[in-house]
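Read through the structure below, which is laid out as structure tokens, and then see the notes.
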Amino acid sequence: MATFVLVPGFWLGAWAWREVTATLRAQGHEVYPMTLTGVAERAHLAGPQVGLETHTTDIVRLIEVEDLRDVLLVGHSGGGMPVAQAADRIPERIARVVYVESGPLPDGTAQFDTVPPEEQERLRALIGAGHLLPPPAWDPAADPQNLAGLDESTLALLRARATPHPLGAATEPVRRTGGRPAPTALVASTFPLDVVEQMIGQGHPFFAGLAGGELHALPTGHWPMLSEPKALADVLDRIAG
């Protein structure tokens, strides 16, 4: 059986992986869901010094301290950036990097760089002089594609439990050492696979690093660990197989 480390995207903690974790463990896998520094139950550790490098170290230290090997390192959304860096730092411990609604951004690119300029301006105005990125309103009327598949109880959970995210995680660029990258897999929910394949072929920065990797479709919204946890766990189980 496989060893999984599950890294959430922005605003969420290990709690978001609860159902996926339970299913994978029932299938016989070893599973370590993570909360990154400054978020969820670790929100009290947030500060201007917390960023992408901090989150990368969180992942690396968990894997090293637990002496995990042949790890399937899973990063959802914004969690794809620290996952990519962590895999680069300890390649000998990583069997595969699995990007869920994310991808290995090119070296020197920050998450903020992928946001349209007008949205960057809106976010900067919202954040002001602070160091935290506030969570969205979780309003399906305003964001139907990303929030597809989430029922009202799950939306209420997100509104209650999502916490602001350290801004540095979005503004610090990805930095790799230039070593051989680990094998990859993608679980795409809001992007059809034919679109993903086209973007890979065009060298689009979202997905260019997934060339030659496994591609899996799980049609739902942007948070499949909450909208389709059993189906996501089954896809991860197949990737492990």
Keeping to the range 1-46, report how many residues are in a loop (DSSP other than H, G, I, E, B) and either touching a residue at least 60 places away in the same chain (Cβ under 8 Å) or under 12 Å from the mean Cα position of the chain (by Cα) (or both). 17
Tally up the residues in the range 43-85 that are closer than 22 Å to Leu236 by Cβ and small (Gly, Ala, Ser), please. 6
Expected single match for modelled with pLDDT of 95 or more, among the acidic types (Asp, Glu) and either surrounded by 14 or more Cβ atoms within 10 Å (Cβ to Cβ) or within 25 Å of Leu232 (Cβ to Cβ) (or both) among Asp88, Asp113 is Asp88
Within the range 54-78, residues being surrounded by fewer than 24 Cβ atoms within 10 Å (Cβ to Cβ), without any contact (Cβ under 8 Å) to a residue 60 or more places away in the chain, of a type outside the set (D, E, K, R) and under 22 Å from Met1 (Cα atoms) number 4
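Just to verify a result, which residue in the range 175-190, among those that are modelled with pLDDT under 95 and of a type outside the set (S, T, N, Q), is surrounded by the most Cβ atoms within 10 Å (Cβ to Cβ)?
Of everything passing the filter in the range 175-190, Ala182 is surrounded by the most Cβ atoms within 10 Å (Cβ to Cβ).
The values are calculated or read from the model by the stated rules, or taken from the named source; none is laboratory data. Note that this is a predicted model, so its numbers are computed, not measured. Note that we place each Cβ from the backbone using ideal geometry, even for glycine, and neighbour counts take in every protein chain shown.
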